[in-house]
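Here is the structure we will look at.
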């Protein structure tokens, strides 16, 4: 009988301690000043490495679209939300159609990393709130519009690949190495 009574008292003490800790946290947060972001009125400042919406880009010098319709982004996409149709033309290929189902996108950035021309990039924004899922089915024109509307993120495919490549030897060491080896052999 005493074991049952001591077990009951131990469990009651544990329960009272848990309630006390929870109420203490609640009371401390009740006295704090609320942190509110007045989003539509004040634009939110994003961190430097923030990556949000996907967009298509144009070449800055020629004004042509960068997408060559290689379909690498379509093949690497885990949820398979990208569809690309290639248009073969003289000189270079283009994407005849490019669609992205943004509502099912995982934002994994694999499509950005494999793009050889940096045609698809991530933007520093998430401003695509809507009540209709059909508005999140983006075609090529809408993706280009997003690319012109928002600031691009720091991470493009070529910049990410350059970060992953092994460091290159400085030019001075390359030039000095053959001369030093020739002098040492003689």
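What follows is calculated from the coordinates using simple rules that are stated; it is not laboratory data. All values derive from a computational prediction rather than experimental measurement. Don't worry about glycine lacking a Cβ; one is built from the backbone with ideal geometry, like all the others, and counts go over all protein chains shown.
Observations on the structure shown:
- For the chain, the longest principal axis of the alpha carbon atoms and the long axis of helix 140-149 meet at an angle near 80°.
- Among 152, 55, 22: highest mean-square fluctuation, GNM of the chain, C-alpha pairs under 10 Å: 22
- Among 5, 124, the ranking by other beta carbons within 10 Å of each residue's beta carbon, starting with the fewest, stands as 5, 124.
- Global form of segment 54-164, assessed from the alpha-carbon gyration tensor, a/c cut-off 1.5: rounded
- Neighbour counts of other Cβ atoms within 10 Å put 23, 122 in the fewest-to-most order 23, 122.
- Contour excess over end-to-end distance, with Cα ends at residue 89 and residue 164 and 0.36 nm allotted per residue: 23.7 nm
- For the residues 43, 78, 116, a GNM of the chain with alpha-carbon springs under 10 Å puts the largest fluctuation on 43.
- Per-pair calculated FRET efficiency, R0 = 45 Å: residue 134 and residue 25 via Cβ, rounded to 0.05: 0.55
- The chain: most fluctuating residue of 32, 71, 133 per GNM, C-alpha cutoff 10 Å: 32
- Checking (i) 26.1; (ii) 10.4; (iii) 13.4 against the coordinates, the calculated mean projected area of the Cα convex hull in nm² falls under label (i).
- Likely footprinting exposure, 120, 146, fewest C-beta neighbours within 10 Å first: 146, 120
- Label point distance in nm, residue 80-residue 149, each placed 7 Å from Cα along Cα→Cβ: 2.9
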